[in-house]
Structures are given as structure tokens and as C-alpha cells.
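The next block holds one structure in the form of C-alpha cells; read it before the comments.
The values are calculated or read from the model by the stated rules, or taken from the named source; none is laboratory data. Because the structure is predicted, anything quoted here is derived from the model rather than measured. A quick note on method: Cβ atoms are made from the backbone with ideal geometry, for glycine too, and the neighbour counts reach across all protein chains shown. The area values use the complete protein model at the heavy-atom level, side chains included, leaving out ligands, DNA and RNA. Shrake-Rupley method; radii C 1.70, N 1.55, O 1.52, S 1.80 Å.
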Amino acid sequence: MLDLLGAFEDMPEWDEIADQLFNTGQTLNPSELHGVLVGLMGAGFDPDDQHHLEQTLASVEKAVGVQLQGELVDIVSRLNLATLSAIVDTDYAFRVLLPDDDDPIEQRLRSFSNWVTGFISGFTEGMTVRQAAGLAIETEVAQVLKDFAAIAQVETDQVETEEAERQLEELVDYVRLAAISIVQDAINQRESQS
């Protein structure tokens, strides 16, 4: 694994990715893009490996129906490495990429739902590409994917209240820790096979 220490400091912000996507005519939510990347990592993709980066880009395009070219390739590559760095960081620096806390709760809930949906799409696409569909998914991972599917159905038309903020924070924290666990397991499995 490349020395990724501190690469998470280069993590693009939600607004920066949204601007890049908009400028290239894409309507993809940045949170969904991030979720797809984390899902691919959870399926065993390695952003450090050039071959996997090419597969990652192709899988992202297939999972969410976008074309990655030019500056989008650069920002996805940067996002990918920064995300992996944050996941392997011992201080749990990884964060689910969402709009700022001052943005309306509806936008944050919609983006959160998109992130979870993206994770499921990325994980599924990653398992398919790796031809691992015949492998049994661990019970814990299967349960998390079920939970994610239910969480993706979150009501996005919430009134901004302290209770709604608290619930969103709890859901985001659960998803964050579950994603870290799944990706760490994939990394450990990959390292034990090499």
C-alpha cells in the first residue's frame, strides 16, 4: 500500500465536486459518487493499484451512468485516494461526504440517501467486476447491506429540528463506522491473500 498518511487532507469538498460535476454537464450527487467509491473499496478494489484505478473509473461510470473525463477523472482519483487514506487512518478520519451542516436538512438527507445508495451500487458492481458474485458475502456485511437499503429510504422532507439533526447524525455515524469496517475487512483479506 502506498504511503497514504495525510492524503485525506486533500479530500475535495462536496461543493467542489458538485461544481466539477455541474461544469461537465453531470447531474450526479457528489455524495452518491463518494458512496460508490467506498462501496467499490468494500468489494476489494485497491485505489493504490493503477489497474484497479482504471477498473474503479469504469465501474463508477457503469454504477451511476456517468462519463468520467478530464478534470472529473482527476477529482475522482483524488477523492478515491483521500478516502482510502481517511479509512485506514487510526484516528478514524473518514467522513461520509455530505453538504455542509448549514445547508438545509432536506439537502443533507437527500445526499445521505444518495451516499448509501451509491455504496450499495458500488459494492454490487465491485463484486460483479471481481467475479466474486459466487462468493458468499459474510453475514455481517449482508446485514449491513440490508440496513443500508432500509436507511436509503430515509424521509428527506424533514423539518429542521434538533431531533431531526440528532437522528441524521446517528444514522451518518452508523453508516460511517459500518463502511470503515467493511473496507478494512476487504483490505485485510486482500493483504492476507498476497
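Summary of the geometry: segment 127-167 and segment 168-194, compared by the centres of their Cα atoms, lie 13 Å apart. Solvent-accessible area of the chain (1.4 angstrom probe, protein heavy atoms only): carbon and sulfur portion equals 48 percent.
Solvent exposure of segment 1-123, expressed per residue, is 44 Å² of accessible area, with all protein chains present and a 1.4 angstrom probe. Under the combined filter of DSSP loop state and at most 13 neighbouring Cβ atoms within 10 Å, segment 82-156 retains these chymotrypsin sites (Phe, Trp or Tyr not before Pro): Tyr92.
Where the centroid of each part is defined by its Cα atoms, how far is segment 15-35 from segment 100-124 in Å? Rounded to whole Å, the Cα centres lie 12 Å apart. Here the 3J(HN,Hα) profile of segment 140-149, calculated from phi with Karplus coefficients 6.51, -1.76 and 1.60 at θ = phi - 60°, is 5, 5, 4, 5, 4, 4, 5, 4, 4, 4 Hz, Gly and Pro shown as x.
Electrostatic bookkeeping for Val73 treats Lys and Arg as +1 and Asp and Glu as -1; over the other residues with beta carbon under 12 Å from its beta carbon, the sum is -3. Distance between the pseudo-spin-label points of Leu177 and Glu138 (7 Å out from Cα toward the beta carbon): 1.6 nm.
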